Amino acid sequence: MFDPLSTRLAAMNIHYFRHSLAHFLDDAAALGFSKIELWAGMPHLSLEDATDTDIKRTKQLLLERELALICLTPEQCLYPINLASEHPGTAQRSLSYFLRALEVAEALECPQMLVTAGWGYANESPTDAWNRACDQLGTLAQEARKKGVTILLEPLSHTESNLIVSTADLARMMEEIGSDQIAAILDLNAMSAAGETPEAYLTRFGERLRHVHICDGTPEGHLAWGDGTLPLADYIHSLEKSGYTGTYSFEFVSPDYWLDPRTPLAHSHTELLQSV
């Protein structure tokens with residue numbers, strides 16, 4: 001029986017960074033994926049180094065395997081990128097980095113790009129950092145509109161940021177920016193760390209919830225299905241029962257998966273499909 005959920009699943013390449021992009025795309029196609037969330041980082045597609053030739057080659061690799069690119073996700077955790085930084089040089093570099101990412105998304109005909117708000121000092125009030133992030137995100141939203149790209153704004157966990165870590169934070173930032181060019185993304189680790197539920201995201205954002213990162217954890221860790229303690233099947237059931245019609249991707253970062261990235265991706269793909 002045809003399962004429409006299977007057509008809404010995307011593979012993500014972040015845990016394939018020790019392998020070539022072509023190898024990841026071959027695995028994704030062989031495992032039955034039709035969609036890709038492309039982590040843009042070294043060595044697959046380093047935004048600051050990528051030439052027009054590199055971008056055209058990436059597009060061709062996708063076309064050859066009939067894979068649709070649904071989201072561009074610039075590396076923004078390991079790199080010195082922070083939209084909320086108080087340091088003018090870092091703030092400007094971060095903005096320029098995401099503006100370049102928008103150019104690449106447009107060139108790849110990718111409809112969405114993931115962005116995080118950054119962070120402020122944990123021992124200080126987040127107010128100033130919040131305002132800086134809001135201004136920067138507003139600038140990105142204006143440019144994204146020109147390029148026809150939707151920004152997916154992702155909450156982080158309390159260990160990663162003190163700005164957007166909950167549905168309330170995300171809703172407030174979206175309201176303050178005031179642009180329909182910004183939509184919501186749900187990361188199951190961040191959601192669980194905040195003590196929230198899939199229903200809370202759908203209640204707040206409805207159709208503006210566009211994408212979900214599937215990852216197991218304790219509650220964090222971004223692990224493959226079954227390598228953590230989260231009730232992933234319950235989460236997926238809740239989303240589908242509540243009328244979610246957006247896409248999903250699998251986001252894994254543990255070093256345990258670096259040398260054999262296909263096994264956790266294949267296992268998680270199978271487990272998800274068998275759980276619904």
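One table, with the values for the structure above:
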{"read-out": "For residue 30, net neighbour charge (Lys/Arg +1, Asp/Glu -1) across residues whose Cβ lies under 13 Å away", "value": "-1"}
{"read-out": "Cβ-defined net charge surrounding residue 201, 15 Å radius [Lys, Arg +1; Asp, Glu -1]", "value": "-3"}
{"read-out": "Highest-MSF residue in the chain out of 146, 35, 59 [GNM, Cα springs under 10 Å]", "value": "146"}
{"read-out": "Antiparallel %, DSSP beta bridges [both residues in region 12-275], to 5", "value": "5 percent"}
{"read-out": "Label point distance in nm, residue 145-residue 260, each placed 7 Å from Cα along Cα→Cβ", "value": "5.0 nm"}
{"read-out": "GluC sites (Glu not before Pro) restricted to DSSP loop in region 40-136 with at most 16 other C-beta within 10 Å", "value": "48, 66, 86, 109, 124"}
{"read-out": "Computed label-point distance, nm, for sites residue 131 and residue 51 using a 7 Å Cα→Cβ extension", "value": "4.5 nm"}
{"read-out": "Descending semi-axes in whole angstrom, ellipsoid equivalent of region 1-42, from the Cα gyration tensor", "value": "22, 11, 6"}
{"read-out": "Relative frequency of Cα-Cα separations exceeding 16 Å in region 45-147, percent", "value": "59 percent"}
{"read-out": "Neighbour net charge for residue 105 - beta-carbon separation under 11 angstrom, K R +1, D E -1", "value": "-2"}
{"read-out": "Lys pairs under 24 Å by Cα in region 12-275, provided they are eight or more residues apart or on distinct chains", "value": "8"}
{"read-out": "Amide H contacts under 5 Å for residue 114, placed H, 5+ residues apart", "value": "72, 73, 152"}
{"read-out": "Helix-only mean residue ellipticity at 222 nm for the chain, each DSSP H run of n ≥ 4 adding -39500 (n - 2.57), per residue, nearest 500", "value": "-13000 deg cm²/dmol"}
{"read-out": "Tail beyond 17 Å, pair distance distribution of region 165-276 (Cα, percent)", "value": "54 percent"}
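Each reported figure results from applying straightforward, stated rules to the coordinates on display, with no laboratory input. Remember, it's a predicted structure, so these values are computed and weren't measured experimentally. Note: ideal-geometry Cβ built from the backbone for every residue, glycine included; neighbour counts use all protein chains shown.
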